[in-house]
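Student: Dropping a structure here in structure tokens format, bear with me for questions.
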Amino acid sequence: MESNADKLRTLTITSLDEEDDEPELPHRSPSGGGGGGGGSADYEDEDDEEEEEAEVTLGFLEKPKREGLLLRHLFPSKAGGIPAWLDPVNFPSGNSSCCGFCGEPLQFVLQIYAPIEDNAAAFHRTLFMFMCPSMACLLRDQHDQWKHRQGNPCRSVKVFRCQLPRCNAFYSSEPPKHNDSDRPLCPGAPVCHWCGTWKGDKICGSCKKARYCSEKHQALHWRSGHKNDCLQLISSSEASNSVQPTVGKVPASKSWPEYEIAIDYEGAFDSDSCDEGSSKSLVMQRHGKPDDMMQSWMDQFEADADNKCWASFQERVSRAPQQVLRYCRESNAKPLWALSSGFPSNADIPSCSYCKGPLCYEFQIMPQLLYYFGVKNEPDSLDWATIVVYTCQGSCDQNVSYKEEFAWVQLYPTTTTKP
């Protein structure tokens, strides 16, 4: 059955002269919203939800249909692998690229191409999420996020917003043709040869060609084979004086599997099509947790407010159990919380660090993402109920290429640490 929603399977930019022949989302945020802001973070009972619900866009993961579809000049929405930096030169470095607790370089989670139709400075706009793979750091993050009014808390989850006008130094002002003729206007900055993610500010002292974002990644690359490659590069008569180009494939141990993010409207899924059994097993499916674990949680919350919130979360997500992303930037949009505890009040959401304006809810990632990333079901494995992202309501342009936005981590009750 072909529907309008089927046309929204990828986020691409289409020609402004051919709008009638192209999908409806070429130059809009995934929700179809403009520059409005998300609503209150407060959880509301069903009896209070009288206002019309905002239209939510869901993200699902698919393997790319062919190689080269997720390159930066095609403005992809993707998860895993390495980021397709929108500004390929001035991306975050130093402490911005590292976990605030363990100090290790953060790992790329996903990026969402979400331009704003009525903001010329955000003709191209992408949100990037990074995370420390350590659950211990995520637990500390969940605790410290309450302290933002006491200063800048350490974070193990970071989200960056990058935006460009239509005419810029990196890409053509014309939309991609998707016929293998598309090319960026300039090369990007050299990145780390180990992770392929962060800027390669450090150079191998021997061959002077391999680059790294940190001493740890340099040591890992050396032990994994660069020790031999380095000697060959030094002795090779064909070695040029230029820095060695970045390795095409990042070591599997350093990145999560790469997927394209396909989208569909939540309204396309019939709430009656999900039976009780699939609703109960929905969130546990994310990476192998058994149903009896969920039942124990439900028993633990009996006669508690969390019970009702959890059941509502389960029912809503069960309409499309494979969703890894929920996106909506409309003014009445609200996050879907798994628990009635451990979420922020309006006072807990800070102002924009750059323009001091309000932040609004824009998207959240779901636990099903862990299943696709192959995260194991072990006591110290990475886990979350949801991670909600708030961005500058005005999507300000403050002469900073990558502006850090605000993420709120909500963990399952067995791992939640309250302040």
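Student: Express in whole angstrom the spacing between the alpha-carbon centres of the stretch 154-198 and the stretch 90-119.
Tutor: Measuring centre to centre over Cα atoms gives 13 Å.
Student: Specify whether the C-alpha gyration tensor of the stretch 88-216 places it in the rounded, prolate or oblate class, a ≥ b ≥ c being the square roots of the eigenvalues: rounded for a/c under 1.5, otherwise prolate if a/b is larger than b/c and oblate if not.
Tutor: Oblate.
Student: Taking 19 Å as the cut-off for C-alpha to C-alpha distance, list the pairs among LYS199/LYS403; LYS202/LYS227; LYS158/LYS376; LYS334/LYS356; LYS63/LYS177 that go past it.
Tutor: Violating the 19 Å Cα-Cα cut-off are LYS158/LYS376; LYS334/LYS356; LYS63/LYS177.
Student: Let me ask you something else. Could you give log10 I(q)/I(0) at q = 0.17 Å⁻¹ for the stretch 62-149, computed by the Debye formula over C-alpha point scatterers of equal weight, without solvent?
Tutor: -0.87
Student: For the stretch 314-419, would you read off the P(r) tail past 20 Å as a percentage of all alpha carbon pairs?
Tutor: I get 47 percent for the Cα pairs in the stretch 314-419 exceeding 20 Å.
Student: Under 8 Å for C-alpha pairs, at least 6 residues apart: give me the relative contact order for the stretch 317-419, rounded to a whole percent.
Tutor: Result for the stretch 317-419 is 31 percent.
Student: Using a 1.4 angstrom probe, figure out how much accessible area the stretch 302-419 has per residue, in square angstrom, rounded to the nearest whole.
Tutor: Result: 36 Å² of accessible area for each residue.
Student: Can you tell me which of 324-334, 178-188, 203-213 comes out highest on packing, and rank the rest after it, using the mean Cβ neighbours within 10 Å?
Tutor: 324-334, 203-213, 178-188
Student: While we're on this one: To the nearest 10 Å², what's ASP118's accessible area with a 1.4 Å probe?
Tutor: 120
Student: Counting only residues 5 or more places away or on other chains, whose amide H sits under 5 Å from the amide H of LYS209 once H atoms are built in the peptide plane?
Tutor: For LYS209, the qualifying residues are CYS204, GLN244.
Student: In the stretch 172-211, what is the volume of the convex hull around the alpha carbon atoms, normalised per residue and reported in Å³?
Tutor: Taking only Cα atoms, the stretch 172-211 has a hull volume of 111 Å³ per residue.
The values are calculated or read from the model by the stated rules, or taken from the named source; none is laboratory data. From a predicted model like this one, the values you see are computed outputs, not experimental measurements. So basically every Cβ, Gly included, is an ideal-geometry build from the backbone, and we count neighbours across all protein chains shown. Surface areas here come from the heavy atoms of the whole protein model, side chains and all, with no ligands, DNA or RNA. Shrake-Rupley method; radii C 1.70, N 1.55, O 1.52, S 1.80 Å.
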